[in-house]
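The values are calculated or read from the model by the stated rules, or taken from the named source; none is laboratory data. Being a predicted model, the structure only gives us computed values, none of them experimental. Reconstructed Cβ throughout: ideal geometry from the backbone, glycine too, with neighbour counts over all protein chains shown. Side chains are part of the model used for accessible areas, which takes the heavy atoms of the whole protein and leaves out ligands, DNA and RNA. Shrake-Rupley method; radii C 1.70, N 1.55, O 1.52, S 1.80 Å.
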Amino acid sequence: TPSVPTGYAELDVHLPGAGWPTGVITEIHVERPGIGELQLVMPAAARLTQAENWLIMIAPPYLPYAPALAAHGVKLSRLMLIRPQTLTEQLWACEQALQSTSCGTVMLWLDQTTERIPENALRRLQLSAERRNVLAMLFRASRASSCTQAALRLHVSRESGSTAVRILKRRGGAQFGTLPAPVILDLHSTLLRRPGTM
């Protein structure tokens with residue numbers, strides 16, 4: 001499975017290809033925005049920006065905190081923030097980004113929407129990710145219905161001051177056996193800040 005290392009060896013060991021799979025959709029359900037989902041994917045995204053690929057963030061719930069992103073190794077000249085207002089615009093922007101030949105990572109936050117996401121739109125996102133072998137990540141609320149197109153699905157929550165990552169689905173799961181217990185990670189830095197905060 002083509003992949004990019006997550007930066008966390010204890011998580012990689014449970015993933016097909018030993019990292020974030022490329023060319024497929026990875027769906028990350030979060031207990032609440034800013035709980036550690038961005039820190040979780042940042043090592044891989046930073047690696048791709050250093051290779052001159054674009055990191056495109058679409059509709060994050062808070063403003064990305066540039067100094068923290070840079071501290072994680074993100075090449076800020078390769079970061080693009082897009083703030084579409086409607087679900088249709090968000091999905092369209094994501095599809096266009098995935099089709100770009102210079103894009104390495106596309107992150108789309110859909111955890112704020114209560115609208116049902118059309119299945120044909122998700123299918124187009126998956127096809128676009130396959131064609132360009134891009135790292136494609138959808139962030140959803142815990143209560144949101146799952147994306148049937150996702151090859152990898154995780155749930156991120158907080159447990160005793162640490163970040164717990166539970167694998168809910170992984171492609172090729174039969175060869176791995178049963179799903180593992182939650183992977184506990186120590187993620188400290190805040191990469192998303194509410195507008196107007198320091």
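Residues in segment 36-82 that are β-branched (Val, Ile, Thr) and over 13 Å from the mean Cα position of the chain (by Cα): Thr49, Val74, Ile82.
Residues of segment 4-11 include none that is polar (S, T, N, Q), out of contact with any Gly (no Cβ under 7 Å at 6 or more places or on another chain) and under 19 Å from Gly104 (Cβ atoms). Among the residues that make up segment 48-56, is at least one of them farther than 21 Å from Arg153 by Cα, in contact with a helix residue (DSSP H, G or I) (Cβ under 6 Å, 6 or more places away or on another chain) and open to solvent by less than 70 Å² (accessible area, probe 1.4 Å)? Within segment 48-56, one or more residues are farther than 21 Å from Arg153 by Cα, in contact with a helix residue (DSSP H, G or I) (Cβ under 6 Å, 6 or more places away or on another chain) and open to solvent by less than 70 Å² (accessible area, probe 1.4 Å).
Among the residues of segment 125-166, just one is under 17 Å from Thr1 (Cα atoms) and at pLDDT below 85, namely Gln149.
For (1) under 19 Å from His155 (Cα atoms); (2) modelled with pLDDT under 95; (3) touching a Lys or Arg at 6+ places or on another chain (Cβ under 6 Å), each residue gets a yes or a no:
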position: Ser3; (1), (2), (3): no, yes, no
position: Tyr8; (1), (2), (3): yes, yes, no
position: His14; (1), (2), (3): yes, yes, no
position: Val24; (1), (2), (3): yes, yes, no
position: Glu27; (1), (2), (3): yes, yes, yes
position: Glu31; (1), (2), (3): yes, yes, no
position: Gly34; (1), (2), (3): yes, yes, no
position: Pro61; (1), (2), (3): yes, yes, no
position: Pro64; (1), (2), (3): no, yes, no
